Structure formats: structure tokens, C-alpha cells
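Heads up, the thing below is written out as C-alpha cells.
The values are calculated or read from the model by the stated rules, or taken from the named source; none is laboratory data. A quick note: this is a predicted structure, and the numbers were derived from the prediction, not measured. FYI the Cβ positions are ideal-geometry reconstructions off the backbone, even for glycines, and counts take in every protein chain you see. Quick note on the areas: whole protein, heavy atoms, side chains included, nothing else; ligands and nucleic acids left out. Shrake-Rupley method; radii C 1.70, N 1.55, O 1.52, S 1.80 Å.
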Amino acid sequence: MELTDILALLDRFDASSAAVMKLRLGDLRLELSKTAAPAAVLPGTAVETAPAAVAAPAAPAAAAQSEGTAVKAPLVGTFYAAPAPGEAPFVSVGDTVKKGQTLCVLEAMKMMSEVPAPCDCVILEVLAKDGDLVGYDAPLFQIREL
């Protein structure tokens, strides 16, 4: 990964709603946080950016998260609710899904990774917006197990 790639990733992270991002590629270790001064560490190189303000979560979202279980992002990437632009989303609020059924796709470094349902469940809420960059362990869906 070149320094220009890291700087582009920093810009994209800064513009996203993600609060934390961790990435490891071989000798490269990148940890970003909008609540503390983030740093990119490449053997012999360091890049730092200033922290950005993080908005407080809305009360309705916090109340909804107390119901059911959150399905969290297994990696940092761009959230896509549908298999392709203009197509119907994989799941919608109120849908009943089977264990292993695709809930969404996360794109990271031109690789698409499906996020499967962890169990038979009902979708209570979609917490991410299509096209948003999501951080590792960020809640994507609120579900109720069947």
C-alpha cells in the first residue's frame, strides 16, 4: 500500500460516519479513531491527522438497539444493501430471514464480502445507509431471533 493510498483512505474515513477503523496488511498497521488522534504506521513512516467531531447518536436509535440483537460489520468497508444499483435490497425491515441468508454486502479494496444472517430472525431495523463507509464492529442491522 502506497502513501497516496493511505492518504486517500484517511480522507474517505474522515468523510464517513465511522468512528473507528483498524486495518492490517502485512507490515502495515493502520488504526484510525475520530475520538483520539489517529495514526497510520508503515515501517519507517508515520502519518497523523487531526481528530474530527463525532455527533452524539440519536435517542430513537439507542432505544431501538435495546430491542433485539445487532448484526455488526465483520470488516471495514462500504455498505451495500442491494446486489447492484437499482435492484431491490437483500432485506427490508419486517423481513423474516433464514440463518446464512445474505443481509448486505461490504466492499473493501474492490472485494465484495457478503454479511450472512447469524440465525433465523426478523429484521427490526437497517442501521446503515446504502453507500456509507462502516467501521469494524459497527452495527448494521437490528434483528430479533426466531
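Quick one: in segment 109-123, which of the residues that are out of contact with any Asp or Glu (no Cβ under 6 Å at 6 or more places or on another chain) and surrounded by 17 or more Cβ atoms within 10 Å (Cβ to Cβ) is nearest to GLU87 (Cα to Cα)? First the steps, then the outcome.
Narrowing segment 109-123 to residues out of contact with any Asp or Glu (no Cβ under 6 Å at 6 or more places or on another chain): 109-118, 120, 122.
Filter again for surrounded by 17 or more Cβ atoms within 10 Å (Cβ to Cβ), leaving 115, 117.
On the way: VAL115: 18, ALA117: 20 Å.
Restricting to residues being out of contact with any Asp or Glu (no Cβ under 6 Å at 6 or more places or on another chain) and surrounded by 17 or more Cβ atoms within 10 Å (Cβ to Cβ), the top hit is VAL115.
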Task: Of all residues in segment 83-99 being exposed (fewer than 14 other Cβ atoms within 10 Å of the Cβ) and under 19 Å from the mean Cα position of the chain (by Cα), the one that is nearest to THR69 (Cα to Cα) - done: VAL93
Open item on the list: So VAL41 passes all but one of these: (1) modelled with pLDDT under 75; (2) in contact with a Lys or Arg (Cβ under 9 Å, 6 or more places away or on another chain); (3) within 30 Å of LEU146 (Cβ to Cβ). Which condition number does it fail?
Closed with: (3)
Open item on the list: I'm told GLU48 meets every condition in (1) touching a strand residue (DSSP E or B) at 6+ places or on another chain (Cβ under 6 Å); (2) within 20 Å of ASP14 (Cα to Cα); (3) at pLDDT 75 or above except one. Can you identify the failing condition by its number?
Closed with: (3)
- [ ] Give the residue that is modelled with the highest pLDDT, with candidates limited to residues of segment 5-26 that are open to solvent by 100 Å² or more (accessible area, probe 1.4 Å) and assigned to a helix (DSSP H, G or I).
- [x] ARG12
